[in-house]
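So the structure is just underneath, and the comments pick up after that.
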Amino acid sequence: MRYVLFLTVLLLPVLAHADDVKVTGTLKAATVYNDRAALTLETTTQVPAGKHVVMFEGLPTGIFTDSLRVKGESQAEAILGALSHKIVNNVELTSAREAELNTQKEKLEEQKKVIEAEIQAINAKKKFLASLEAKAIETTNDEIAEFELNSTSWLEAANTLQAGMDEVLKTELAKQNQIKDINDQIAKINRDLAQVRTGSKQTLTVSLPVEMSRAANLKLSLEYQIGGAYWRPVYDARLSTETGDLELVQYGAVSQRTGEDWSNIALTLSTARPNRGATAPTLNTQWVNLWSEMKKSRGFAGGMARNEMALDRAAVSAPAALELAEEDAAYAPKEARQQVATINTGGFTAEFGIPGLISVPADGTETKVLIAPFETESKLEVHIKPQVDAKAYLVANTTIKGEAPLLPGQVSLFRDGSFVGQTQVPLLKPGKDYDLSFGIDDQIEVEHKTLKDERGEQGMFVGKTDQLVRHTVTEIQNLRNRDVNIVVGQTVPVAQNEKITLEMDKQNTTAGYTEDTENVKGLLEWAFTLKSKEKKDIKLGWTLAWPQGQNISGI
């Protein structure tokens, strides 16, 4: 009979004579969130009949111990007790990679010392040869003075000294090059250590009481959460200007510094945010009062106004900030066909099951994995904002299809295969559209001119006003061989005081615009199709008036 066990609430007494069964386990799966990961460690071990304690050793100390769970299965009847844990102090570093790098560094340092000792011996030999050379010169000078010079023996001695010195210098140069190579290797190890160094000499041991009806293999799965891990979405947006098609592909960039490498694991990326908490906030009484009852000093009133504005802005932006905090990583697309992630959008969150086995090192580097392409519907437009910049920008007005939302993240933009830049996108839900800009379109010429910009006054005696009259024109020409959808946006002044009035000059303003576009007060927008080689002027004229003698801001 085969028994499948899950964590049991039953507490087993641990007898003094119970045998400890020590295991390490192998990391099999990870579900990564925006600030942590849920890991699954598996082990199979032979456990004798009776009561024992299975001890998972060498676990990272950063584990959230409240998240520890265990389940198991065996061909024998087995009862699992309650998990317990303790910190264990070690003499050596607990990070395997850090310990390995330190060992490599120590070996290189020893090699360096040996070579430095050899260089000292070479220097001693150099000094000896130099002394011989000096003695030979002294002897030669004496022989010359006494006319007893034996030129043959003198030349042989000189050649011998020169050959010996040449050999010593070459050997010294080779040793110096060896020292340089070792220093380069040590510098690289130091850089690697800076990424993985934990300095930790502590590990966590988790103990599990087990009672077996007979000796059998016991397979255990230990689940826990740990900090130091995250994932963020990144995207490739590839636009074809010929067809107007937009390919939008999502990737996940995964990084972790949990203290242990993840090697060949099943990886899942989740949009859930465990750190958000589960309890709704408490509401307090909202007190109101007449302003006349409060202090009216300028500093106090100004401070209150600024504080209230800051609170209002915080209240408005908080939900958006929470959404934008769900970020995550890009992959360079590959020519070979890639298998996409399994996407589960049931419930309130989405999970992306990455196909195959994935390895993520513990040094904090980002590992990029493919999630899936997004199905989109796009329309190419050229956007012009002449008040700010007399340039034309190629824009793909994109609507996301399907069920999964487009998470906030960084997008790498490609136009006709060429990289043109990067941008950020907010959270986009299916059915909502968004403008992705793909840089300047040099085949649309734009020139913006101010035709009239005059200040003056109006009226007779009572009710006289100051006024500003402004006329502009934006000249646009399509140099492409096909028609182009053009969108021109310009703003006009918006009064915050009833004494300020704006009058549109219909004769000097191109018809066909929409007002307060996208709920932006004063934003006018012209949308039209410009045929190949065609030119079009967009004119805008208005008159702004305000009480004479008063100053006006914003112009």
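The values are calculated or read from the model by the stated rules, or taken from the named source; none is laboratory data. This one's a predicted model, so the numbers in the text were calculated from it and none came from an experiment. Note that each Cβ is placed from the backbone with ideal geometry, even for glycine, and that neighbours are counted across all protein chains shown.
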### Task
Check whether at least one residue in segment 523-544 is over 13 Å from Ile384 (Cβ atoms), of a type in the set (Val, Ile, Thr) and either under 46 Å from the mean Cα position of the chain (by Cα) or exposed (fewer than 13 other Cβ atoms within 10 Å of the Cβ) (or both), and report yes or no.
yes
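Looking only at residues that are in a loop (DSSP other than H, G, I, E, B) and aliphatic (A, V, I, L, M) in segment 387-413, which one is surrounded by the most Cβ atoms within 10 Å (Cβ to Cβ)?
Within segment 387-413, the match that is surrounded by the most Cβ atoms within 10 Å (Cβ to Cβ) is Leu407.
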### Query
In segment 217-254, how many residues are at negative phi, in contact with a Pro (Cβ under 9 Å, 6 or more places away or on another chain) and small (Gly, Ala, Ser)?
2
### Task
Search segment 362-386 for residues being part of a loop (DSSP other than H, G, I, E, B) and at pLDDT 90 or above, and hand back the single one that is surrounded by the most Cβ atoms within 10 Å (Cβ to Cβ).
Pro386
## Note on the structure
Ser532 passes all but one of the listed conditions (1) in contact (Cβ under 8 Å) with a residue 24 or more places away in the chain; (2) in a strand (DSSP E or B); the exception is number (2)
### Query
Which condition breaks for Glu223 when tested against (1) farther than 30 Å from Pro373 by Cβ; (2) not in a strand (DSSP E or B)?
(2)
### Task
Say whether the condition of being exposed (fewer than 15 other Cβ atoms within 10 Å of the Cβ), touching a strand residue (DSSP E or B) at 6+ places or on another chain (Cβ under 8 Å), in contact (Cβ under 8 Å) with a residue 40 or more places away in the chain and not hydrophobic (A, V, I, L, M, F, W, C) is met by at least one residue in segment 506-521.
no
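From the list Glu503, Glu498, Glu518, pick out the single residue that is within 36 Å of the chain's Cα centre (by Cα) and of a type in the set (D, E, K, R).
Glu518
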### Task
Check whether at least one residue in segment 422-431 is crowded, with 16+ Cβ neighbours inside 10 Å, assigned to a strand (DSSP E or B), of a type outside the set (Gly, Ala, Ser) and at pLDDT below 90, and report yes or no.
yes
### Query
Inside segment 1-85, counting only strands (runs of 3 or more DSSP E) that do not spill past its ends, which hold 1 or more residues that are at positive phi and modelled with pLDDT under 90?
50-59
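Hey, could you check segment 545-555 for residues that are in a loop (DSSP other than H, G, I, E, B) and in contact (Cβ under 8 Å) with a residue 40 or more places away in the chain and say which is nearest to the chain's Cα centre (by Cα)?
Checked segment 545-555; the qualifying residue nearest to the chain's Cα centre (by Cα) is Gly554.
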### Query
Within segment 353-377, can you find the residues that are farther than 30 Å from Trp262 by Cα and under 27 Å from the mean Cα position of the chain (by Cα)?
Glu375, Thr376
### Summary
If we keep only residues of segment 442-459 that are assigned to a loop (DSSP other than H, G, I, E, B) and of a type outside the set (Gly, Ala, Ser), then the residue surrounded by the fewest Cβ atoms within 10 Å (Cβ to Cβ) is Asp442
### Task
Considering each residue of segment 205-247, count those that are aliphatic (A, V, I, L, M), within 27 Å of Arg415 (Cα to Cα) and buried (at least 23 other Cβ atoms within 10 Å of the Cβ), and give that number.
3
### Task
For Gln496, indicate whether it is at pLDDT below 90 and not small (Gly, Ala, Ser).
yes
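Kindly evaluate His383 against the criterion of being in contact (Cβ under 8 Å) with a residue 24 or more places away in the chain and assigned by TED's automatic domain parsing to the domain that holds Lys533. Full working, then the answer.
Numbers: in contact (Cβ under 8 Å) with a residue 24 or more places away in the chain: yes; assigned by TED's automatic domain parsing to the domain that holds Lys533: no.
When the stated conditions are applied, His383 does not pass them.
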